[in-house]
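Take a look at the structure below.
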């Protein structure tokens with residue numbers, strides 16, 4: 001406001017001219033104070049003026065007083081600053097009526113001004129007034145010009161840069177600073193400037209879901225590093241996460257948070273966009289990076305650079321110049337690869353978590369899909385019965401936010417139960433029609449287009465490696481990749497990781513690599529389009545066979561205990577290799593793979609799948625009848641083993657006619673092979689005489705040939721016959737004879753069948769303490785080596801031990817767990833199942849309601865959870881008699 005009214009006080013000092021520091025003061029909330037105090041307000045006003053004048057007119061000239069406002073001019077900017085600080089201290093220390101302390105705001109600005117007749121007609125006066133109006137009560141604000149004019153202020157004066165602000169009536173932005181010190185408040189809300197824009201971040205169209213830990217990590221990294229680059233796979237949600245984090249930083253950065261989307265710019269315009277984001281100007285002869293450094297060095301800014309992969313070189317150059325010359329600027333860069341400049345902190349964005357919470361809450365990925373699904377259905381809630389379907393979809397899409405968004409969009413036209421069937425086409429979704437949208441919009445609209453954009457930026461060798469990696473179904477080691485590509489992939493693999501097309505996963509042995517679903521789908525299509533499938537798939541199938549063979553050999557070269565649990569991580573790789581061999585690959589290679597898994601198919605309840613694979617492979621070789629009658633001699637042992645295995649698969653499914661057919665085929669093919677061990681294995685698995693006498697004769701023949709290890713199946717068959725007639729003594733003797741034979745067979749000893757049978761016999765003889773000892777030994781081995789179906793029977797046996805000890809509820813839980821896990825693995829009923837059913841009925845007699853509740857609880861346990869409970873149980877307390885006294889523990893069996 002222009003000086004007017006009283007003008008220069010008579011007899012006062014001369015009005016300053018030239019570089020003048022103007023000070024405006026007024027009371028915040030003066031109207032409230034006037035209403036509160038009534039007639040006493042005038043006394044407060046006079047006292048407040050007296051305190052201000054005592055400190056401000058010592059070196060300044062009072063030009064104007066009106067109500068609660070004062071306007072002064074100073075020749076010395078340092079004196080003006082000191083006077084304002086002293087005045088604020090005096091106001092804070094003075095005694096005022098309760099609830100009526102005057103909170104005075106002060107504004108200072110320095111500029112050139114010449115008085116006319118004791119008054120100023122200069123825009124600098126108006127600027128000073130606007131600075132004061134931006135302050136809060138108790139706060140001192142000044143322009144950067146005042147701080148410069150004051151020179152080096154004493155260390156007791158705290159100067160805080162509040163950033164650039166638009167002052168009403170003035171073009172451009174003015175830097176405001178806060179002055180404080182001992183006895184002067186320093187914490188205030190942001191200045192009251194009109195039209196302040198502290199960021200230009202894009203507004204979110206949909207609610208943000210999850211990633212709490214990621215947001216905290218990124219926030220902390222921004223506090224510790226000046227350049228943080230968020231990289232990640234296409235569709236992983238990098239931009240959305242970075243913008244969300246940046247939105248939470250607007251109060252932290254005095255000059256704001258500014259977003260630049262480099263995808264809409266050419267490489268030559270990167271520097272222009274960055275300088276504009278910093279709010280700087282430059283002369284025509286200055287390059288934008290130089291201008292940013294020269295003019296924005298003191299800025300307190302967070303600059304978000306999105307889609308840096310559009311112009312990686314130019315973005316890296318600009319980032320380096322900013323880091324070197326703009327100490328107050330921090331960079332949050334979003335792209336698919338790091339910039340590779342000194343000082344860069346690279347943070348890799350992972351997909352949303354697909355695992356449910358500890359309390360059973362839906363996963364982050366499922367929560368996002370749920371929220372978007374409700375929006376796509378017009379706000380209609382998702383039925384509880386549909387939640388498992390959404391969880392399945394979220395897991396199959398691997399938590400990729402873009403994929404989840406696209407899946408939710410499908411729910412506008414398909415019901416939730418049908419959504420899983422839509423996923424194959426979703427992963428291959430193509431961009432919009434040519435010309436219908438911009439390239440940047442296409443990249444965000446389709447997973448295929450988003451991946452293609454990254455693929456086009458790859459060097460030829462890296463692109464070829466990406467295509468080859470599509471044959472792997474899951475995470476694999478660098479050694480596996482090297483074996484399949486038959487070359488050193490290190491440099492190209494690093495390039496793919498940097499481009500966020502390959503994910504790295506920590507592993508006990510180092511690092512594993514994998515492709516996310518959309519990337520793998522795209523790379524697989526490129527592999528087919530370029531005619532590289534046969535070579536890559538053939539090598540992959542041979543690698544799978546090699547990995548399965550390696551499981552039979554220990555580190556020292558000796559045969560290793562066959563651990564089915566070590567096959568589980570290879571399951572997806574095996575299935576992909578089989579899918580190749582039943583269509584275009586080598587069917588004999590596929591048969592080798594089915595045979596290599598052996599008992600794994602049965603223990604995992606996957607015999608139906610195994611029979612389907614075998615049927616398709618037989619078909620490619622002319623069918624099982626042709627294989628039976630015209631198999632090459634070199635292939636006869638393999639075909640014999642496969643027919644035996646097929647017979648076992650049929651038996652596991654209670655398909656007795658098919659079991660008999662393939663047993664006969666196995667005998668016919670084995671007859672043309674001069675291999676006594678193979679002949680014994682066939683007779684043990686498919687005996688022509690399955691009576692006790694016939695089986696004993698077979699065992700004797702094998703012993704005479706020193707080939708007893710090949711007829712353990714006959715031991716099991718004879719054990720079942722002896723069990724049925726209750727010949728406990730004979731059965732125990734048979735098992736003790738078989739113990740060393742089983743221990744000598746790496747392919748059998750992990751199942752611990754002898755220990756399990758000894759435990760079952762002890763239960764049948766009412767010897768729970770002995771049973772507990774044998775069964776816990778068996779269960780430890782079965783769990784360690786992955787014999788799931790056998791472990792189900794053993795858990796049921798330990799449940800019977802608890803029932804004998806009177807622990808009815810634990811017994812019921814373990815029975816429930818054993819039955820549920822047997823059912824999940826499609827186990828057929830046998831002698832043991834009937835035995836355990838009878839024991840369950842004995843426990844149920846103690847009370848149906850209690851048993852049912854405990855049984856239902858146990859039925860929710862995984863096999864691992866049930867085994868943990870069973871192995872932690874104490875040995876049953878039984879009478880101390882010779883009958884119940886335990887015998888020595890069996891020797892530990894060797895294992896891998």
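The values are calculated or read from the model by the stated rules, or taken from the named source; none is laboratory data. Computed from a predicted model, the values in this text were never measured in an experiment. Here Cβ is always computed from backbone atoms with ideal geometry, including for glycine, and neighbour counts include all displayed protein chains.
Some notes on this structure:
- Scanning segment 352-366 for residues that are under 17 Å from the mean Cα position of the chain (by Cα) and either more than 19 Å from residue 420 (Cα to Cα) or surrounded by fewer than 20 Cβ atoms within 10 Å (Cβ to Cβ) (or both) gives 353, 354, 355, 356, 357, 358, 361, 362.
- Contacts under 6 angstrom Cβ, first residue in segment 726-742 being assigned by TED's automatic domain parsing to the domain that holds residue 755 and surrounded by fewer than 17 Cβ atoms within 10 Å (Cβ to Cβ), partner in a helix (DSSP H, G or I) and modelled with pLDDT under 90, 6 or more apart: none
- Note on segment 674-690: among residues that are touching a residue at least 24 places away in the same chain (Cβ under 8 Å), part of a helix (DSSP H, G or I) and touching a helix residue (DSSP H, G or I) at 6+ places or on another chain (Cβ under 8 Å), the one that is surrounded by the fewest Cβ atoms within 10 Å (Cβ to Cβ) is 677.
- Identity of the residue in segment 3-36, part of a loop (DSSP other than H, G, I, E, B) and modelled with pLDDT of 85 or more, that ends up surrounded by the fewest Cβ atoms within 10 Å (Cβ to Cβ): 17
- Which listed residue, of 403, 395, 383, is at negative phi and over 16 Å from the mean Cα position of the chain (by Cα): 383
- Check on residue 482, modelled with pLDDT of 85 or more, in a helix (DSSP H, G or I) and out of contact with any helix residue (DSSP H, G or I) (no Cβ under 8 Å at 6 or more places or on another chain): yes
- Residue within segment 669-676 that is more than 24 Å from residue 591 (Cα to Cα), over 52 Å from the mean Cα position of the chain (by Cα) and at pLDDT 90 or above present: no
- Options 214, 182: the member that is over 30 Å from residue 342 (Cβ atoms) and either modelled with pLDDT under 90 or not assigned by TED's automatic domain parsing to the domain that holds residue 342 (or both): 182
Residue by residue, here is whether (1) over 20 Å from the mean Cα position of the chain (by Cα); (2) at pLDDT below 80; (3) part of a helix (DSSP H, G or I) holds:
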| residue | (1), (2), (3) |
| --- | --- |
| 444 | yes, yes, yes |
| 451 | no, no, yes |
| 461 | yes, no, yes |
| 466 | yes, no, yes |
| 471 | yes, no, no |
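- Residues of segment 552-573 satisfying the condition of being buried (at least 17 other Cβ atoms within 10 Å of the Cβ) and in a loop (DSSP other than H, G, I, E, B): 560, 561, 562, 563, 567
- Sole residue being over 16 Å from residue 302 (Cβ atoms), touching a strand residue (DSSP E or B) at 6+ places or on another chain (Cβ under 7 Å) and surrounded by fewer than 22 Cβ atoms within 10 Å (Cβ to Cβ), chosen from 177, 162, 201, 167: 177
- Condition check for residue 793: in contact (Cβ under 8 Å) with a residue 60 or more places away in the chain, part of a helix (DSSP H, G or I), within 45 Å of the chain's Cα centre (by Cα) and closer than 27 Å to residue 683 by Cβ: no
- In a residue-by-residue description of segment 326-337, the property of being assigned by TED's automatic domain parsing to the domain that holds residue 400 and loosely packed, with under 15 Cβ neighbours inside 10 Å applies to no position.
- Residue in segment 749-767 that is free of Cβ contacts under 8 Å to residues at least 60 places away in the same chain, surrounded by fewer than 19 Cβ atoms within 10 Å (Cβ to Cβ) and not in a helix (DSSP H, G or I) present: yes
- Answer residue from segment 206-234, given it is in a helix (DSSP H, G or I) and in contact (Cβ under 8 Å) with a residue 40 or more places away in the chain and is nearest to residue 330 (Cα to Cα) among those: 222
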